[in-house]
Amino acid sequence: MDALSGIIASNLRKIRKDKKLSLDNVADMTGVSKSMLGQTERGESSPTVATLFKIASGLHTSLTGLLEDEERPMKVINKEDLNPLFSNQGHYRLFPFFPYDDNKRFEIFVVELDSDSFSESLPREDGVETYIMVFQGNIQLKIMEQKFILKEGCAMRFDADQPHKYKNIGEGTAKICQLMYYKK
């Protein structure tokens, strides 16, 4: 079991037990199979980013609620020290820089998308807002059927309760900063 799988396993188990839920309950709430949840809790499986978002959304928690090892009042974060999440055969990388905090109600990620790669995000629960800023490259953001082109230096805010897709439409790697704000 790698370090990140162990952290996810521990956090998922703690959240489930704190809410007094069975694996069957969590499977019903998240749409993730009981066997996958069990493997994840035992650290035997590394779920995809999409699966982790489904689990977090179904349990009404943040993604970093599943990923964060421990809270520290002040710290410098080096990208090299983070455990990124991979999707799309490694062409999508999500770096969890600032985990969710109940007092602040947001989390911040840096996302890297290789050329011609994409990431599809399932709708989040009502009241979740996404703020993105493109630092490198060109991104096409599709929300439902509406498309937006965001170039380097552009930013956008949208309600995350709609399916949305990020696609790198530029030559090299695109980098964005993504803030997820939870109103509730």
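Here, each number is a calculation from the coordinates, and none is a lab measurement. All of these numbers come straight from a predicted model, not from anything done at the bench. When we count neighbours, we look across all protein chains shown, and the Cβ atoms used for this are built from the backbone with ideal geometry, even at glycine.
Could you tell me what % of all Cα pairs in the chain have separations over 28 Å? Tail of P(r) above 28 Å: 23 percent of Cα pairs.
Helix 49-58 and the longest principal axis of the C-alpha atoms of the chain enclose an angle of approximately 60°. May I ask you to list the GluC sites (Glu not before Pro) in region 120-172 that are in a DSSP loop and have at most 11 other Cβ atoms within 10 Å of their Cβ? Those satisfying the criteria are 145, 171.
In a simple Cβ point-charge model (Lys, Arg +1; Asp, Glu -1; nothing else charged), the chain has a dipole of about 320 debye relative to its Cα centre.
Helix-only estimate, please: 222 nm mean residue ellipticity of the chain, summing -39500 (n - 2.57) across DSSP H runs of length 4 or more and dividing by its residues, to the nearest 500. Kindly include the intermediate steps, with their values, before the conclusion.
Details: 5 runs with 47 residues, N = 184.
Only helices count here, giving -7500 deg cm²/dmol.
At 7 Å along the Cα-to-beta-carbon direction for both residue 162 and residue 34, put a label point, then send me their distance in nm to one decimal. The modelled label-to-label distance comes out at 3.8 nm.
My understanding is that a pair violates if its Cα-Cα distance is over 21 Å; which of 54/165; 34/104; 54/79 do that in this structure? Mind dumping the intermediate values first?
Numbers: 54/165 15 Å; 34/104 32 Å; 54/79 25 Å.
Going by Cα-Cα distance, 34/104; 54/79 fall outside the 21 Å limit.
Kindly state, to the nearest 0.05, the FRET efficiency for residue 76 paired with residue 129, given R0 = 22 Å and r defined as their beta-carbon distance. Present the calculation step by step, with values, prior to reporting the outcome.
Working: r = 27 Å, r/R0 = 1.23.
Calculated transfer efficiency: 0.20.
The aspartates and glutamates whose alpha-carbon is closer than 19 Å to the alpha-carbon of residue 183, local same-chain residues fewer than 8 away aside, are 101, 102, 107, 125, 126, 129, 159, 161. For residue 14, the aspartates and glutamates whose Cα comes closer than 15 Å to its Cα, not counting residues fewer than 8 places off in the same chain, are 41, 68, 69, 70.
Summing Lys, Arg as +1 and Asp, Glu as -1, what charge do residues with Cβ under 11 Å from the Cβ of residue 5 carry, residue 5 excluded? Let's see the in-between values first.
On the way: positive: 42; negative: 2, 41, 44.
Neighbour charge sum, excluding residue 5 itself: -2.
Could you tell me how far the Cα centroid of region 1-50 sits from the Cα centroid of region 138-184, in Å? Centre-to-centre (Cα) distance: 28 Å.
Overall, region 3-67 carries a charge dipole of about 180 debye about its Cα centre when +1 sits on the Cβ of Lys and Arg and -1 on the Cβ of Asp and Glu, all other atoms neutral.
Qualifying trypsin sites (Lys or Arg not before Pro) in region 1-87, where qualification requires a DSSP coil assignment and no more than 10 other C-beta atoms within 10 Å, comprise 20, 75. Our estimate of slack between residue 102 and residue 86, defined as 0.36 nm per intervening residue step minus the Cα-Cα distance, is 3.2 nm.
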